[in-house]
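First comes the structure, then the notes that go with it.
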Amino acid sequence: MSIYLKRLAIFFMLIFIIIMSISGCATTLDTAISSARQQGNLSTFDGESKLTVYFIDVGQADSALVLCDDKAMLIDGGNSADSDLIYSFLKNHEVEYLDYIVATHAHEDHVGGLAGALNYAKVGIALCPVTEHESKAFNNFIKYLDKQNVSITVPNHGDTFLLGGADVKIVGPIKPSNETNNTSIVLKITYGETSFLFTGDAERNEEQDILEEGYDLSSTVLKVGHHGSNTATSYPFLREILPKYSVISCGTGNSYGHPHENTLSRLRDADTIVYRTDIQGTIICTSDGKTISFVTERNANAQTNPTESYNDDSIFIGNINSHKFHRPGCSGLPSEKNSIILESWEIAINEGYEPCGKCIQ
């Protein structure tokens, strides 16, 4: 091909990209990555090899920051009220550039705080299953992306990309859905011999679609779907993952009763070690490619998935107003400001608290 024809081809390619950007249409992930590389908008490796996941305590919401080899990906940002928290978290960890920002789906408790992230950090590629949604939170997300001249990329299942030394694969959604939860981006991060599955709020229908597609879901760490709701983390899905560790992001005393006891029971059956932001605050998980370690903001040794029998190592949540104490999965938990952690049955009784008749028999 002559130099003239090559230049002409490049010219028309640039015109196409510009038209796609102006029209608001989503680009493919491959196109977005190629464009970001050409513009120098994907950071390069410059650091000690390790992967760290911060499961940020955003209450009854979801947010996780993944750092690997000087590359960064933010998965969800909590509610709109969490914007300042996410801004400060990125600032405190000196994350001024996000190679990827992922809004797993359009609900406010996942997309709301991403505006705060975009107020602090520049972003290379923004992933979301939709380009339009009627909520104010979603439109704020779009507004701040527009300020950075970044358009949403809608990934396809099977798409892959690198985050430093980690491989990332999109495994869902498989099909369109009228249920926003079932449009959730589900992605698996593989780092050496360790792996992480992030499921957004995907419920049983999307889980079944993913199972039928035949993806390898086995993972060391599972971010439990839909804040521990009974509508997610079905037995067939969990059997394919077989996580050694599971993380539930939910708020103390939330009105939904998350995590639901049925989900906790399935996690017990899977013999997975459970971490919870409502009990332990922000949870930090680090992988060297072979082993996984956890550090929690508080209550490192808390009983996060209790059975009906309790011993001296069990943890309870007390209501400082009613002086009743509850197991962590109780639907009658008090609000966070009215809660106190009681580290054993004996401590609860000695402090003058009485057991909740609904959750402790």
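A short reminder: the numbers here are calculations on the coordinates, not readings from a lab. Since the structure is predicted, the reported quantities are computational estimates derived from the model, not experimental observations. Ideal geometry is used to build each Cβ from the backbone, glycine not excepted, and the neighbour counts take in all protein chains shown.
Go through (1) 85, 43, 38; (2) 70, 49, 42; (3) 48, 46, 45 and flag the label whose value is the computed Cα extents along the principal axes in Å for this structure.
(1)
Go ahead and estimate [θ] at 222 nm for the chain from helices alone: -39,500 (n - 2.57) per DSSP H run with n ≥ 4, summed, over the residue count, rounded to 500.
-8000 deg cm²/dmol
Using the charge dipole of the chain (Lys, Arg: +1 at Cβ; Asp, Glu: -1 at Cβ; taken about the Cα centre), state which of Val150, Phe89, Met73 has its Cα farthest towards the positive end.
Farthest towards the positive end: Val150.
Roughly what would the spin-label model give for Ile284 and Ser135, points 7 Å off Cα along C-beta, in nm?
It works out to 3.0 nm between the two label points.
Where both partners of a DSSP beta bridge lie in region 316-355, what percent of those bridges are antiparallel, to the nearest 5?
Rounded to the nearest five, the antiparallel share is 75 percent.
Which residues in region 192-212 have a backbone N closer than 18 Å to a point placed 7 Å from the Cα of Ser293 along the Cα-to-Cβ line?
192-195
Run the quick spin-label model on Asn119 and Asp167: label points 7 Å from Cα toward the beta carbon, then report their separation in nm to one decimal.
Placing both labels 7 Å beyond Cα along the Cβ direction yields 3.9 nm.
Going by C-beta contacts inside 10 Å, put Cys330, Cys285 in order with the fewest on the left.
Details: Cys330 19, Cys285 24.
Going from sparsest to densest Cβ surroundings: Cys330, Cys285.
Explain nothing, just the number: dipole magnitude of the chain about its Cα centre with +1 on each Lys and Arg Cβ and -1 on each Asp and Glu Cβ, in debye rounded to the nearest 20.
Computed about the Cα centre, the dipole is about 780 debye.
Of all DSSP beta bridges in the chain, what percent run antiparallel (nearest 5)?
65
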